[in-house]
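The values are calculated or read from the model by the stated rules, or taken from the named source; none is laboratory data. All values reported here derive from a predicted model rather than from experimental measurement. Virtual Cβ from ideal backbone geometry, glycine too; neighbours counted across all protein chains shown.
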Amino acid sequence: MKNAVDHSQHAVPEGRQTTMNQFTGQSLSWDVKDGVIELSLHRAPCNEIGSRTLGELEKFVGALAGLVAESHALIVHSSLECGFCAGADLRELYQSAQKISKNEARQGVREFLERIHRVMNTIDAAPIPTIAAVHGVTFGGGFELALVCDLIIADKMARFCFPELRLGLIPGFGGIPRLKRDLGNGVVRDLLLTGRSINATKAQSVGLVSQVAAEGEALRVARATAAQIGKFDRRTTLAAKQFIKPIPYEELKREIDIFCELFAQPAVEAGLRKFVESTDAQPYLP
Amino acid sequence: MYPSMATIDQTLDEILTLAASHFKVPRGRLSPDDDFFKTLGIDSLQTLDLLTRLEQHFDVELPDYELQGVSDFRTLAGRIQARL
């Protein structure tokens, strides 16, 4: 069966893997430096998560068990100037869905979401501390990727946003349960129901971001934080992480169901079409 | 005694100065009723950057939806003034 997102073409991600510790793909790369895994996103225009990125993320989580054996922390960051990640690749989603029936599209979306949730849950449960070093646009699925990490360290110019309701959808990569895990419901509702973006200072004030870095310094601050984390006993660190950061599996499953129900609504197709046909260079912006 | 609040003209002047400095446009080329997208030659990503810098400079929150349809400096100053 064809999927709404055409992952058949990218089932086995291409890329250059020189050793288990190093990979360079079309959407991301990873490396281990000083006991820290650095996962770098680099897919233009702004790290939109489509089938290729998903395939490479799956490759990463597949290698993670081996990587953590000789690492004490993971940093996720973007090497693109525009920002951390603009979210799901809505152009790919819309264009793929146009080629198949609505039922096939809905099934394809569910399969995509189940795959990305497996990736997110694996990073969320990683047996080492994880840090998202974010800058610029951290929207939608990009925000959700940051939320799976134990700490978010933000460049002062970072902005966070869940714009999904503009398309008639809710966040689908685990955003709501994980935002609820970390923040008060009032802030969650504000971000979700208004679709507004907030800056790093605001994000820190509500407890989303743990440290704000100067412009261009988030990765450096994340590396310093990872080095500090590495001083502690590994088993104790893991026990602390598991104690304070439960994974809301039931709510995550429910989120997929709600997303798929909403995806069948005509308003979504209209919203996606408007997005795809926009001539704006960054149509995901509010 | 309340601290004196900036007037709309002061706010407007600070916006123009900040925009000129950041986007490297001569301050004298910017006027209150200019369309800042055109005058500064910025796209929506740079507009988001400007929004963040304005929030930091004035220590306010500017929800995106309050700025929808706003394209001139004077109206932008009014939105900021309402949050000071």
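Restricting to the range B:8-31, what's the tally of residues that are more than 14 Å from the chain's Cα centre (by Cα) and among the polar types (S, T, N, Q)?
Residues in the range B:8-31 being more than 14 Å from the chain's Cα centre (by Cα) and among the polar types (S, T, N, Q): 0 in total.
Please go through the range A:165-188 and give me each residue that is within 14 Å of chain B (Cβ to nearest Cβ) and either acidic (D, E) or free of Cβ contacts under 8 Å to residues at least 24 places away in the same chain (or both), ordered by number.
Of the range A:165-188, the ones within 14 Å of chain B (Cβ to nearest Cβ) are A:165-166, A:187.
Matches in the range A:165-188: A:V187 only.
Going through the range B:24-51 one residue at a time, which ones are touching a residue at least 12 places away in the same chain (Cβ under 8 Å), closer than 15 Å to B:D13 by Cα and part of a loop (DSSP other than H, G, I, E, B)?
B:V25, B:L30, B:S31, B:P32, B:D33, B:D34
Can you find even one residue in the range A:200-208 that is part of a loop (DSSP other than H, G, I, E, B), more than 25 Å from B:Q46 (Cβ to Cβ) and within 14 Å of chain B (Cβ to nearest Cβ)? Let's see the steps before the verdict.
Taking the range A:200-208 as the starting set, the residues that turn out to be part of a loop (DSSP other than H, G, I, E, B) are A:206-208.
Remaining after also requiring more than 25 Å from B:Q46 (Cβ to Cβ): A:206-207.
Still in the list and also within 14 Å of chain B (Cβ to nearest Cβ): A:206.
The answer is yes, given that some residue of the range A:200-208 is part of a loop (DSSP other than H, G, I, E, B), more than 25 Å from B:Q46 (Cβ to Cβ) and within 14 Å of chain B (Cβ to nearest Cβ).
Just the residues that are of a type in the set (S, T, Y), more than 27 Å from B:T47 (Cβ to Cβ) and surrounded by fewer than 18 Cβ atoms within 10 Å (Cβ to Cβ), please, taken from the range A:63-101.
Step one: filter the range A:63-101 for residues of a type in the set (S, T, Y), giving A:71, A:78-79, A:94, A:96, A:101.
This time we only want the ones that are more than 27 Å from B:T47 (Cβ to Cβ), so: A:71, A:96, A:101.
Selection gives A:S101 alone.
Among the residues that make up the range A:239-251, is at least one of them in a helix (DSSP H, G or I) and within 17 Å of the chain's Cα centre (by Cα)? Before the answer, list the steps.
Taking the range A:239-251 as the starting set, the residues that turn out to be in a helix (DSSP H, G or I) are A:239-244, A:249-251.
Okay, now just the ones that are also within 17 Å of the chain's Cα centre (by Cα), so A:249.
Yes, the range A:239-251 contains a residue that is in a helix (DSSP H, G or I) and within 17 Å of the chain's Cα centre (by Cα).
When you scan the range B:32-54, how many residues do you find that are more than 19 Å from A:C82 (Cα to Cα) and within 12 Å of the chain's Cα centre (by Cα)?
Of the residues in the range B:32-54, the ones more than 19 Å from A:C82 (Cα to Cα) are B:32-36, B:38-39.
From the residues that got through so far, the ones that are within 12 Å of the chain's Cα centre (by Cα) too are B:32-36.
Total meeting the criteria: 5.
Would a scan of the range B:3-15 turn up a residue that is part of a helix (DSSP H, G or I), under 21 Å from A:S197 (Cα atoms) and modelled with pLDDT of 90 or more?
Keep residues of the range B:3-15 that are part of a helix (DSSP H, G or I), which gives B:8-15.
If we keep only those that are under 21 Å from A:S197 (Cα atoms) too, we end up with B:15.
Now narrow it down to the ones that are modelled with pLDDT of 90 or more: B:15.
The answer is yes; a qualifying residue exists.
Across the range A:266-286, which residue is modelled with the lowest pLDDT among those that are within 14 Å of chain B (Cβ to nearest Cβ) and over 15 Å from A:P163 (Cβ atoms)? It would help to see each step written out before you state the result.
To start, the set of residues in the range A:266-286 that are within 14 Å of chain B (Cβ to nearest Cβ) comprises A:275, A:278-286.
Those left that are additionally over 15 Å from A:P163 (Cβ atoms): A:279, A:281.
Working: A:T279: 64, A:A281: 49.
Ranking the qualifying residues of the range A:266-286, first place goes to A:A281.
From the list A:L238, A:L252, which residue is within 24 Å of A:F139 (Cβ to Cβ) and either in contact with a strand residue (DSSP E or B) (Cβ under 9 Å, 6 or more places away or on another chain) or surrounded by 12 or more Cβ atoms within 10 Å (Cβ to Cβ) (or both)?
A:L252
Checking the structure you have, find out if any residue of the range A:130-137 is within 14 Å of chain B (Cβ to nearest Cβ) and under 23 Å from A:Q228 (Cα atoms).
Let us first name the residues in the range A:130-137 that are within 14 Å of chain B (Cβ to nearest Cβ), namely A:134-137.
Now drop any that are not under 23 Å from A:Q228 (Cα atoms), which leaves A:134-135.
Taking every residue of the range A:130-137 in turn, at least one turns out to be within 14 Å of chain B (Cβ to nearest Cβ) and under 23 Å from A:Q228 (Cα atoms).
How about the range B:75-84: which of its residues are touching a Ser or Thr at 6+ places or on another chain (Cβ under 8 Å) and in a loop (DSSP other than H, G, I, E, B)?
First pass over the range B:75-84, keeping only residues touching a Ser or Thr at 6+ places or on another chain (Cβ under 8 Å): B:77, B:80-81, B:84.
Within the range B:75-84, B:L84 is the sole residue that qualifies.
Restricting attention to the range A:22-62, report how many residues are assigned to a strand (DSSP E or B) and either among the hydrophobic types (A, V, I, L, M, F, W, C) or surrounded by 17 or more Cβ atoms within 10 Å (Cβ to Cβ) (or both).
Narrowing the range A:22-62 to residues assigned to a strand (DSSP E or B): A:22-24, A:28-33, A:36-41, A:49.
Restricting the remaining residues to those that are either among the hydrophobic types (A, V, I, L, M, F, W, C) or surrounded by 17 or more Cβ atoms within 10 Å (Cβ to Cβ) (or both) gives A:23, A:28-30, A:32, A:36-41, A:49.
Of the residues in the range A:22-62, 12 are assigned to a strand (DSSP E or B) and either among the hydrophobic types (A, V, I, L, M, F, W, C) or surrounded by 17 or more Cβ atoms within 10 Å (Cβ to Cβ) (or both).
Does the range B:52-74 contain at least one residue that is in a helix (DSSP H, G or I), away from chain A (no Cβ under 14 Å) and among the basic types (K, R)?
Our first condition is that a residue be in a helix (DSSP H, G or I); within the range B:52-74, this holds for B:52-58, B:64-67, B:73-74.
This time we only want the ones that are away from chain A (no Cβ under 14 Å), so: B:73-74.
With the extra rule that they be among the basic types (K, R), the set shrinks to B:74.
There is at least one residue in the range B:52-74 that is in a helix (DSSP H, G or I), away from chain A (no Cβ under 14 Å) and among the basic types (K, R).
Could you list all residues from the range B:35-51 that are touching a Leu at 6+ places or on another chain (Cβ under 9 Å) and either farther than 19 Å from A:N199 by Cα or more than 12 Å from chain A (Cβ to nearest Cβ) (or both)?
Hits for the range B:35-51 are B:F36, B:T39, B:L40, B:I42.
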